[in-house]
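Colleague: One structure, pasted below without further comment.
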């Protein structure tokens, strides 16, 4: 097993870990994710019908209503939230949602996460120091 460390901007100052789940498409938490189940419900989204619960969710940025921040908070209270989020460039809704829900958030990594991280890789997101550690068998 090998490990890779990426450096970025720690935005929500918490630490989380879990299996990576990637989407090349933005995500809307309000209307795009069922907060009771953690399942993506947005039609035609690449993660449609997939649970984000407990995952390290990697996507470019959020989209949609400002209510999405509250949905992330609600998910954290229900136990259906992602363990951490990595964005290419975080938007304000995802940022505020992660802060109030205490979900680690890192963005602006020094290398492209989509070319280095695969679904199922074990990832530690350190929002305090802006570090992302990825473990998998081969890079």
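No value in this document is a laboratory result; all are computed from the given coordinates. Fair warning: this is a prediction, and the values are worked out from it, not measured in the lab. Using ideal geometry, Cβ is built from the backbone for each residue, glycine included, and neighbour counts are taken over all protein chains shown.
Colleague: Across region 56-74, what is the total count of residues that are over 17 Å from residue 37 (Cα atoms) and assigned to a helix (DSSP H, G or I)?
Modeller: Just the residues of region 56-74 that are over 17 Å from residue 37 (Cα atoms), to begin with: 58-67.
Then keep just the ones that are assigned to a helix (DSSP H, G or I); that gives 67.
Qualifying residue count, region 56-74: 1.
Colleague: Now for a separate question. Tell me which residues, restricted to region 14-33, are part of a strand (DSSP E or B) and either exposed (fewer than 13 other Cβ atoms within 10 Å of the Cβ) or within 11 Å of the chain's Cα centre (by Cα) (or both). Working first, answer last.
Modeller: The initial filter retains those residues of region 14-33 that are part of a strand (DSSP E or B), namely 15-22, 27, 30, 33.
Selection gives 16, 17, 18, 19, 20, 21, 22, 27.
Colleague: Quick one: in region 98-131, of everything that is assigned to a strand (DSSP E or B) and out of contact with any helix residue (DSSP H, G or I) (no Cβ under 8 Å at 6 or more places or on another chain), which residue is surrounded by the fewest Cβ atoms within 10 Å (Cβ to Cβ)? Reasoning before the result, please.
Modeller: Our first condition is that a residue be assigned to a strand (DSSP E or B); within region 98-131, this holds for 105-107, 122-126, 131.
After this cut, where a residue has to be out of contact with any helix residue (DSSP H, G or I) (no Cβ under 8 Å at 6 or more places or on another chain) as well, the list is 106-107, 122-126, 131.
Working: 106: 29, 107: 23, 122: 15, 123: 27, 124: 19, 125: 32, 126: 21, 131: 17.
Taking the candidates together, the pick is 122.
Colleague: Looking only at region 10-59, count every residue that is under 13 Å from residue 113 (Cβ atoms) and in contact (Cβ under 8 Å) with a residue 40 or more places away in the chain and tell me the total. Can you show your working first?
Modeller: Step one: of region 10-59, the residues under 13 Å from residue 113 (Cβ atoms) are 20-24, 56-59.
Cutting the leftovers down to in contact (Cβ under 8 Å) with a residue 40 or more places away in the chain gives us 20-22, 24, 56, 58.
Residues flagged as under 13 Å from residue 113 (Cβ atoms) and in contact (Cβ under 8 Å) with a residue 40 or more places away in the chain within region 10-59 amount to 6.
Colleague: May I ask you to say which residue of 36, 89, 77, 53 is at negative phi, out of contact with any strand residue (DSSP E or B) (no Cβ under 9 Å at 6 or more places or on another chain) and part of a loop (DSSP other than H, G, I, E, B)? Give the derivation first.
Modeller: On the way: 89 fails: out of contact with any strand residue (DSSP E or B) (no Cβ under 9 Å at 6 or more places or on another chain); 77 fails: part of a loop (DSSP other than H, G, I, E, B); 53 fails: out of contact with any strand residue (DSSP E or B) (no Cβ under 9 Å at 6 or more places or on another chain).
36 is the lone residue from the list that is at negative phi, out of contact with any strand residue (DSSP E or B) (no Cβ under 9 Å at 6 or more places or on another chain) and part of a loop (DSSP other than H, G, I, E, B).
Colleague: Okay, next question. Could you tell me which of the residues 7, 43 is surrounded by fewer than 17 Cβ atoms within 10 Å (Cβ to Cβ) and over 22 Å from residue 136 (Cα atoms)? Talk me through it step by step, then tell me what you get.
Modeller: Values: 7 fails: over 22 Å from residue 136 (Cα atoms).
Every option except 43 fails the conditions.
Colleague: Mind checking which residues of region 79-97 are closer than 18 Å to residue 21 by Cβ and surrounded by fewer than 18 Cβ atoms within 10 Å (Cβ to Cβ)?
Modeller: 79, 88, listed by residue number.
Colleague: I'm told residue 62 meets every condition in (1) farther than 20 Å from residue 107 by Cα; (2) buried (at least 19 other Cβ atoms within 10 Å of the Cβ) except one. Can you identify the failing condition by its number?
Modeller: (1)
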